[in-house]
Amino acid sequence: MSAVTSAAMSDAMSLDVRGLSIAARAAGGRTVPLVTDVSFRIAPGEAFGLVGESGSGKSMTALAALGLLRRGVAVTAGSVRLGGTELAGPGRAMPAGVRGRRIAMVFQDPMAGLNPAMRVGEQIAEVLRHHLRMGRAAAARRAADLLGEVGIEAPARRARDYPHTFSGGMRQRVMIAMALACEPAVLIADEPTTALDVTVQAQILDLLVRMQDERGMALLLVTHDLGVVAGTCHRLAVMYAGRLVEEGPVGEVFDAPRHPYTAALLAAAPENAMRGTAPKAIPGTVPAPGAYPPGCAFGPRCAHARPGPCDTGPVAMTESDGRRVRCARAPELALPGVPR
Amino acid sequence: MIAYFGKRLLGAAVVLFVVSVITFGLALLIPGDPAIHIAGEHATREEIAAVRAELGLDRPFPVRYLDWATAAIRGDLGTSLYNSEPVTEILAARLPVTLSLALAAMAVAVLISLPLGTLSALRPGGVLDRAISAVTALAVATPSFWLGLLLILVFAITFPVFPATGYRPLSDGLGAYAAHLALPAITLGVAAAVEPTRQLRAALADVLDTDYIRTARAKGLLPVTIVRKHAIRNAAVPYVTVIGLETGQLLGGAVVVETVFGLPGLGTLAEITVTRQDLPVLQGIVLAATLVVIAANLAVDLAYRWLAPGEAG
Amino acid sequence: MKTVTLPPDTALRRLMRRRRDDSLWSRLLRRRDVVLALAVLGALALVALLAPVIAPHDPVDQDLLHRLEGPSAAHWLGTDESGRDVLSRLLYGTRVSLGASLLAVAVAAGLGVPLGLLAGYLGGALDLALSRVADAVLSIPGLVLAIAIATALGPSLTNAMLAVGVVYAPGFYRVVRGSTITVRGQTYVHAAIVTGCSTWRIIGRHVLPNVGTPIIVKVFLTFGYAILAEAGLSFLGLGVQPPLASWGSMLKRAVRYLEQAPALVILPGLVILIAVLAFNTVGDGLRDALARRDREPS
């Protein structure tokens, strides 16, 4: 079935985020921008990494694509489209029958993400029954099959267990099985390995990549960890203070980052530190939403910032040879990358 | 599992023991010497001593308690001071009425609290939530017997829909039984619905904020399904707990409500006993009511096993 | 990536929450319902104190020619089955009902607070024994126990309210014991112990002030329950004895005239409702204000 659908899927089935802005209503009627003018496009069969620190707006972007923003937070401009369907836009509700079926999500904390009072098989089966109108028995069988596909031993028996009998890694496999149940065109994984033991992280990432590859899905991998992106994604975008600052193919960005923030993130990752040197922390902290500095938001922490181009007016995104960057000094900087 | 229930059962036994001591100790509160009371004002010292020996009052308190308790365990709670009927028989005749009322009231409480608690949890702080919390605040401040009188005024006198007072056993037919229980059950159920409504609102609002509810939403399930299948079940533990705890409240309230509606249960018995100062009967009522409460709490413990797999067990 | 930031959700919630001055009383007085409730309580207290001054008639004065009358210029709220002025009886009833409830609350707090302090502070066998007794008392349906105690003591309003006080004492006990255990674990209490303060001094100087607010919350809420309990017991004939009247005993007598004079039933019930609502509103408001203060210490 997946072969048929993937053959039918043209470029028109890509996930298209265009000019997306998200804001929170704060006390006193103020609105605080959380995400500003974010655009990217993920084709079927492509794995795309969205990278940023906590509070950069990367998770918010992912939640908006599923129409899962919390109360008081809303899309103020732009759109998220899947094929011809608009999933999110200002004042738009998620169309029925899309979420969970054509676009699915795996969350960060598998310990909290499963209903503790429901057998895991049932939690998978209910997606099938709701979206595909499967019968009880057929859905239960398919749920067990899915558990087997994500690498759970004795899936038919385990399907009847409650979540508390599973380890963190196993629960994340269950979450993935649940997300894949309806063969979605797009899978969003929000920090899928952050809450897991290091040894388990690689297994889960392998599973995600394998599933994405086998099923020809578009994968949006949201993470703070460039190391996670390196081994899994084709392209990546870096977010800072609610905006994209750089976007491009993973290899090229790692080899030669064009935004100082990307370069700083690469240098700060422990696995990228030169042998014998400590990873370089980025000075300062991420500005809080609503307190973004004028000009380049990264300016105050940037080693390359100059008065003038960097601290006046918004800095525009520029595009050249398939890469985008939002840095006034990008053309003149030659930033160090890391070998992958 | 067995250890868990063993522990709960032991706890219940300890509570029951302390309650029985308190109940028996009620006799000590009666001012004056009961022997003089019974033998009469003008009895001689010897006569009083004889009464005292007959009642066993010359023996120390623990001994008397043990006698009383062993008899009580065999189902012998003594006889009524008023008409010498065995207390157990008096209680057995009236307990079904009170239990019927309490169960019906509990059903009313669930029927009220389940929708109200759920509705207010959907949008905490919203208009509906605030309206419901105002209604519960009113309900908790309303004397139950007064509400009962108002219901009689409206639904039995002004619009004669239900009988104002009286009781028909189930053997007289379900219709008559239910009609006579309706107003008392509503009276008692309204008050008993308040805490469950508040608990459910709080618990459900918390649950609706959890990651697994977000997962359920990400699965594209209908909001109704999410609340019904995922949220309510997980909010049920505190809800069921508080419903169980309401049992005591219900039985206490039943005393007054039975009086208003003339139901021949433990409540009206208590009211009659008050004027007769019939202590053995009162002790029996206290014990019977407490036994029901303890049984309800054990039932709640049993329910946990089903509601929260992986915890309590 | 080594920067420490708040989890975005927390940061967002903080952002979306209104910033407020966090003094307990200013929090409390910003709530309109609480202010209104305090005003009602103030008015009730005044009525209780000044009943003889403001009552238009003697509450026990019978006028058999004017029985069960509706409102008139002479009797604003009409007359009861003996031709007594309903308004005056309600005003005097305030004194009886609030006084009785005050007695019950005092008994409940007088038993529960010291025992809770001792159990929480000393722990051990004393705590275990007292807590078992509290559990047991709480598992007896409150009104049933109150009836039993009041009957054993003999029917009078004082005895009834003593009984109600005993029934509500475990509530105070639990609150105080819990707070005491928390306070006892604090460093400054350890410091006081180390410097050789006596147990009594530590309880009085360090523990009691810190469990004060939960006790005040409990006082207000218990007051509401006590008014309801007084009404219930009076309704059963265990409360105030005629010719004196409390709100509950007025209801009891009015039941017989429910069809002829429903106002006699409605009025005292309404007064009870308003009084209990006022006590509960202040209690709940205080508790909410406390809970918020404890959640975000700043």
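One residue alone among B:GLY125, B:GLY166 is more than 14 Å from chain C (Cβ to nearest Cβ) and not aromatic (Phe, Trp, Tyr), and that residue is B:GLY166. Taking the conditions exactly as written (in contact (Cβ under 8 Å) with a residue 24 or more places away in the chain and either within 23 Å of C:TYR257 (Cα to Cα) or not in a helix (DSSP H, G or I) (or both)), does B:PHE145 satisfy them or not? Spelling it out, B:PHE145 is indeed in contact (Cβ under 8 Å) with a residue 24 or more places away in the chain and either within 23 Å of C:TYR257 (Cα to Cα) or not in a helix (DSSP H, G or I) (or both).
So, B:ALA308, is that one at the interface with another protein chain (Cβ under 10 Å from one of its Cβ atoms), in contact with a strand residue (DSSP E or B) (Cβ under 7 Å, 6 or more places away or on another chain) and within 30 Å of A:SER59 (Cβ to Cβ) or not? The answer is no for B:ALA308.
Among the residues of the range A:256-273, those that are out of contact with any Phe, Trp or Tyr (no Cβ under 8 Å at 6 or more places or on another chain), in a helix (DSSP H, G or I) and crowded, with 20+ Cβ neighbours inside 10 Å comprise A:THR262, A:ALA263, A:ALA264, A:LEU265, A:ALA267. Scanning the range A:167-183 finds one or more residues that are more than 14 Å from every other protein chain (Cβ to nearest Cβ) and of a type outside the set (D, E, K, R).
Within the range C:154-188, if we keep just the residues that are over 23 Å from the mean Cα position of the chain (by Cα) and not in a loop (DSSP other than H, G, I, E, B), the residue that is surrounded by the fewest Cβ atoms within 10 Å (Cβ to Cβ) turns out to be C:THR187. The helices (runs of 4 or more DSSP H) located wholly in the range C:195-298 that include 1 or more residues which are facing another protein chain (nearest Cβ under 8 Å) and surrounded by fewer than 18 Cβ atoms within 10 Å (Cβ to Cβ) occupy C:262-295.
Within the range B:105-139, the set of residues being of a type outside the set (Lys, Arg) and outside any helix (DSSP H, G or I) comprises B:PRO124, B:GLY125, B:GLY126. So, in the range B:185-220, of the ones that are among the hydrophobic types (A, V, I, L, M, F, W, C) and within 13 Å of chain A (Cβ to nearest Cβ), which residue ends up farthest from B:PHE162 (Cα to Cα)? Across the range B:185-220, the extreme among qualifying residues is B:ALA218. Among the residues of the range A:166-185, is there at least one that is at pLDDT 90 or above, in the same structural domain as A:ARG142 (by TED's automatic domain parsing) and among the β-branched types (Val, Ile, Thr)? Taking every residue of the range A:166-185 in turn, at least one turns out to be at pLDDT 90 or above, in the same structural domain as A:ARG142 (by TED's automatic domain parsing) and among the β-branched types (Val, Ile, Thr). Just one of the listed residues (C:ALA129, C:ALA136, C:ALA125) is facing another protein chain (nearest Cβ under 7 Å), more than 20 Å from C:LEU98 (Cβ to Cβ) and free of Cβ contacts under 8 Å to residues at least 24 places away in the same chain, namely C:ALA136.
Does B:ARG45 count as outside the structural domain of B:ILE232 (by TED's automatic domain parsing) and surrounded by 15 or more Cβ atoms within 10 Å (Cβ to Cβ)? No: the conditions fail for B:ARG45. Scanning the range A:299-340 for residues that are touching a residue at least 40 places away in the same chain (Cβ under 8 Å) and of a type in the set (Asp, Glu) yields no hits at all. The requirement of being modelled with pLDDT of 85 or more, over 25 Å from C:LYS218 (Cβ atoms) and outside any strand (DSSP E or B) is not satisfied by C:LEU102.
Between A:ARG301, A:ARG340, A:ARG275, the distinction of being out of contact with any strand residue (DSSP E or B) (no Cβ under 9 Å at 6 or more places or on another chain) and at pLDDT 75 or above belongs to A:ARG301 only.
Those helices (runs of 4 or more DSSP H) of the range A:163-255 in which at least 2 residues are among the β-branched types (Val, Ile, Thr) and farther than 27 Å from A:GLU122 by Cα, considering only elements entirely within it, cover A:198-215, A:226-232, A:250-255. Of the residues making up the range C:33-74, those that are at pLDDT below 85 and of a type in the set (D, E, K, R) are C:ASP58, C:ASP61, C:ASP63, C:ARG67, C:GLU69. The sole residue among B:GLY248, B:GLY252, B:GLY244 that is in contact (Cβ under 8 Å) with a residue 40 or more places away in the chain, crowded, with 24+ Cβ neighbours inside 10 Å and assigned by TED's automatic domain parsing to the domain that holds B:GLU271 is B:GLY248. Within the range A:74-88, being surrounded by fewer than 20 Cβ atoms within 10 Å (Cβ to Cβ) and within 20 Å of A:ALA26 (Cα to Cα) holds for A:ALA74, A:THR76, A:ALA77.
Got at least one residue in the range B:165-181 being in the same structural domain as B:GLY265 (by TED's automatic domain parsing), crowded, with 20+ Cβ neighbours inside 10 Å and in a helix (DSSP H, G or I)? Scanning the range B:165-181 turns up at least one residue that is in the same structural domain as B:GLY265 (by TED's automatic domain parsing), crowded, with 20+ Cβ neighbours inside 10 Å and in a helix (DSSP H, G or I).
Selection of the range B:274-305 for residues being without any contact (Cβ under 8 Å) to a residue 24 or more places away in the chain and within 9 Å of another protein chain (Cβ to nearest Cβ) yields B:VAL274, B:THR275. Considering only residues in the range B:112-142 that are surrounded by fewer than 21 Cβ atoms within 10 Å (Cβ to Cβ) and of a type in the set (S, T, N, Q), the one that is nearest to B:THR225 (Cα to Cα) turns out to be B:THR118.
Kindly indicate whether any position in the range A:5-16 is in contact with an Asp or Glu (Cβ under 9 Å, 6 or more places away or on another chain), among the β-branched types (Val, Ile, Thr) and modelled with pLDDT under 90. Within the range A:5-16 (the criterion being in contact with an Asp or Glu (Cβ under 9 Å, 6 or more places away or on another chain), among the β-branched types (Val, Ile, Thr) and modelled with pLDDT under 90), the answer is yes, since at least one residue qualifies.
This table checks each residue for (1) modelled with pLDDT under 90; (2) within 18 Å of the chain's Cα centre (by Cα); (3) closer than 18 Å to C:LEU236 by Cα; (4) crowded, with 23+ Cβ neighbours inside 10 Å.
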site: B:LYS219; (1), (2), (3), (4): no, no, no, yes
site: B:LEU263; (1), (2), (3), (4): no, yes, yes, yes
site: B:GLU271; (1), (2), (3), (4): yes, yes, yes, no
site: B:ASP301; (1), (2), (3), (4): yes, yes, no, no
site: B:LEU307; (1), (2), (3), (4): yes, no, no, no
site: B:ALA312; (1), (2), (3), (4): yes, no, no, no
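Condition check for C:GLU230 on (1) closer than 23 Å to B:THR273 by Cβ; (2) modelled with pLDDT under 90: one failure, at (2).
The values are calculated or read from the model by the stated rules, or taken from the named source; none is laboratory data. Please read these numbers as outputs of a predicted model, since none were measured by experiment. Positions of Cβ are generated from backbone atoms using ideal geometry, with glycine treated the same way; all protein chains shown enter the neighbour counts.
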